[in-house]
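*Asks:* First, the structure itself, so that you have it in front of you.
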Amino acid sequence: MRFGLALCAVLVCSGENYHWDLPARFPVPRVPADNPMTVAKVELGRYLSYDKRMSVNRKSSCATCHKQELAFTDGHPVAVGTTGEHHTRGAMSLVNVAYSSALTWNTAGITRLEDQALVPMFGEHPIELGLRPGDGFLLSLRSNAKYQGLFERAFPEETDRFTIANVVKAVACFERSIVSARSPYDRYHYERDDSAVSDSAKRGEILFFSQPQSCFRCHGGANFGGGPEFHNTGLSATDATIFQAPTLRNIAVTAPYMHDGSMPTLDAVINHYSAGGHDNPHKDPLIGGFHLTAEQRADLIAFLQSLTDEAVLHDPRFANPW
Amino acid sequence: MSRRLAVFALVCTAIGTAQTLLTVQGDIPSPVTLKAEDLAQMPRETVTVQDQDGAQVKYTGVLLREVLTRAAAPLGKQLRGKALTTYVLAKAKDGYQVLFSLAEVDTTFANESILIADQRDGKALFGYQGPLRLVCPNDKAGARSVRMLETLEIVQLQKK
């Protein structure tokens, strides 16, 4: 009888919906209908994300390039794959990725995290995690006692639970659980706590949303970026590539900046945009340059620093479970 | 505390003092300045719109039409002939500007409920949004919902 009750408790727990602890008026992330958020899938995704079985040579996991303390970036200009191959782009933050319409620097077609996860897992140009179909990855999960329980709770109604489709579903659920909504700016803006940010940050917020700077036109919404539009930022006089405007949440801890990690500081980024970038025929017309006094520049940086959410950087729910 | 007093207190708390929040000027008999207490005593309206993140947000304030009427802009029976070439240039503190025609807000023409809001979800607007902003419920894009609104410039194009 006691065993039966315990079994029931596990089954009930496995289907428990995941709830974000969001402040009032903060938007709720979008979730695809075919992959609802459950506590069990989020937990499985966390184990997978920190597991080096996820790479061909067992040297890397998702967390190798997405470190919690760096807002799930890696601190390097460009990402380095598990075989040492350098990516051409920097590792993007996973914080609030649930709100993003675009999931890569410049690929508009990938709009679901379940699809995006396949790129680092199986992509060959460049190799990131280097997995290949039939290489024994799923077998290594199936033979692991920890994963047997995790997969059973995450996908209790499936007979063949150990599939790539379920792996990416779980990883996507974990990614969607990583929500930053408790920064000092959030307490100021959503909870109306005037003491949460400095007067300098308050002035910087107004600059951010003002016409001459127009930062908000690309980095808009509650997530300060991640929208569906792509832009050429005038980073070079020859590169015609357009890029998404990533979230600015926790931006103070995600240096170096830009898609190629070419700018070491926020000050350097502001220098780039205030100068109007490098002219090229593809540069977004919004990048036309502006003037800031030294005080205004400090205010704008203070505002950006107010977007750092220490809670999400240290929340044990997002930490390595192994 | 009466409703109007409560609104007045809310807005004054946000801006600190009863300073001029909005100036209406241009082709009207004389300029009009409005403080928080003036807006609190005018007819109040609430409109619900969807924000950029898909959330339903309630804005409360005074209809643009009411403010233009108070400034003696040509509305109603006066809005005919040359007066129909009159527009309103809405200017923000940061230099942003958009325009509306008088016919857009007049009850006998488009009758749009464009709002000069001082509250969002019952709280005074602050920071980059306030103390006043426009809300245009029927605009598909948000670009005319001017934040940090300071001035309404009335311009009649056809003078002769």
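*Asks:* Any lysines with Cα under 27 Å of the B:Lys159 Cα? List them, leaving off those in the same chain fewer than 8 positions away.
*Replies:* Of all the lysines, those that pass the test against B:Lys159 - Cα under 27 Å, at least 8 places apart if same chain - are B:Lys77, B:Lys82, B:Lys91.
*Asks:* Right, next: From the Cα gyration tensor of segment A:31-186, with a ≥ b ≥ c the square roots of its eigenvalues, which class applies: rounded if a/c is under 1.5, or else prolate if a/b is larger than b/c, or else oblate?
*Replies:* oblate
*Asks:* Rounded if a/c is under 1.5, else prolate if a/b is larger than b/c, else oblate: which is the protein assembly as shown, with a ≥ b ≥ c the root eigenvalues of its Cα gyration tensor?
*Replies:* In terms of gyration-tensor shape, prolate.
*Asks:* Just flag the trypsin sites (Lys or Arg not before Pro) in segment A:150-228 sitting in loop per DSSP whose Cβ has no more than 16 other Cβ atoms within 10 Å.
*Replies:* Taking segment A:150-228 and a limit of 16 other Cβ atoms within 10 Å, the loop trypsin sites (Lys or Arg not before Pro) found are A:Arg192.
*Asks:* What's the exposure ranking of A:Lys146, B:Lys159, going from fewest to most Cβ atoms within 10 Å?
*Replies:* In order of increasing Cβ crowding within 10 Å: B:Lys159, A:Lys146.
*Asks:* In whole percent, what relative contact order does chain A give with Cα contacts below 8 Å and a gap of six or more residues?
*Replies:* In percent, rounded to a whole number, it is 22.
*Asks:* Calculate how steeply helix B:3-15 sits against the longest principal axis of the alpha-carbon atoms of chain B, using the helix alpha-carbon long axis, and give the answer as 0 to 90 degrees to the nearest 10.
*Replies:* 80
*Asks:* Within 10 Å of each Cβ in B:92-103, how many Cβ atoms from other chains are there, averaged over the peptide?
*Replies:* If you average over the peptide's residues, the count of other-chain Cβ atoms is 2.
*Asks:* Here's another thing I want to ask about it. With each label point set 7 Å from Cα along the Cα-Cβ vector, what nm distance links A:Arg132 and B:Arg144?
*Replies:* The answer from the label model is 6.0 nm.
*Asks:* Just flag the GluC sites (Glu not before Pro) in segment A:82-161 sitting in loop per DSSP whose Cβ has no more than 11 other Cβ atoms within 10 Å.
*Replies:* Loop-located and lightly packed - A:Glu157.
*Asks:* About the Cα centre, and with charges only on the beta carbon of Lys, Arg (+1) and Asp, Glu (-1), how big is the dipole of chain A? Nearest 20 debye, please.
*Replies:* Once rounded to the nearest 20, the dipole reads 680 debye.
*Asks:* So which GluC sites (Glu not before Pro) in segment A:159-262 pass both tests, a DSSP loop state and at most 15 other Cβ atoms within 10 Å of the Cβ?
*Replies:* A:Glu191, A:Glu229
*Asks:* Once Lys and Arg get +1 and Asp and Glu get -1 on their Cβ, which of A:Tyr99, A:Ile242, A:Ala165 lies farthest toward the positive end of the dipole of the protein assembly as shown?
*Replies:* So the residue we want is A:Tyr99.
*Asks:* May I pose another question? Separation between the B:Thr46 and B:Gln19 pseudo-spin-labels, each 7 Å from Cα along Cα→Cβ, expressed in nm?
*Replies:* 2.9
*Asks:* Local charge sum around A:Phe122 (other residues, Cβ-Cβ under 15 Å, Lys/Arg +1, Asp/Glu -1)?
*Replies:* -4
*Asks:* Right, something else. Could you tell me the center-to-center distance, by alpha carbons, between segment A:215-247 and segment B:94-122 in angstrom?
*Replies:* Segment A:215-247 and segment B:94-122 have Cα centres spaced 30 Å from each other.
*Asks:* Name the residue from B:Leu34, B:Leu84, B:Gly54 whose Cα lies farthest towards the positive end of the charge dipole of chain B, charges +1 on Cβ of Lys and Arg and -1 on Cβ of Asp and Glu.
*Replies:* B:Leu84
*Asks:* Another question, if that's okay. Set the Förster distance to 60 Å, then compute FRET efficiency between B:Arg70 and A:Ser198 from the Cβ-Cβ distance, nearest 0.05.
*Replies:* The calculated FRET efficiency here is 0.95.
*Asks:* Going 7 Å from the Cα of B:Phe109 toward and past its Cβ, which residues in segment B:123-160 have a backbone nitrogen under 15 Å from where you end up?
*Replies:* B:154-159
*Asks:* Let me ask something additional. Just grab the label-to-label distance for B:Gln56 and B:Lys77, each label 7 Å out from Cα along the Cβ direction, in nm (one decimal).
*Replies:* Each label point lies 7 Å from its Cα, and together they span 4.1 nm.
*Asks:* Which ³J(HN,Hα) values in Hz, rounded to whole numbers, follow from the phi angles of segment B:24-41 under the Karplus curve 6.51 cos²θ - 1.76 cosθ + 1.60, where θ = phi - 60° and Gly and Pro get x?
*Replies:* 10, 8, x, 7, 9, x, 7, x, 10, 10, 10, 9, 4, 5, 5, 5, 5, 8
*Asks:* Also, quick follow-up: Angle check, please: helix A:39-49 long axis (alpha carbons) against the longest principal axis of chain A (alpha carbons), in degrees 0 to 90, nearest 10.
*Replies:* Relative to chain A, helix A:39-49 is tipped by roughly 70 degrees.
*Asks:* Rounded to the nearest 500, what is the 222 nm mean residue ellipticity of the protein assembly as shown from helices alone, with -39500 (n - 2.57) per DSSP H run of 4+ residues and division by all residues?
*Replies:* Estimated from H runs of four or more residues: -8000 deg cm²/dmol.
*Asks:* Using unit Cβ charges (K, R positive; D, E negative) and no other charged atoms, how large, in debye to the nearest 20, is the dipole of segment A:2-180 about its Cα centre?
*Replies:* Rounded to the nearest 20 debye, it is 280 debye.
Readers should treat all values here as calculations from the given coordinates under stated rules, not as data from a laboratory. None of the values given here were measured: they were computed from a predicted structure. Cβ sites come from the backbone with ideal geometry, for glycine too, and all protein chains shown count toward neighbours.
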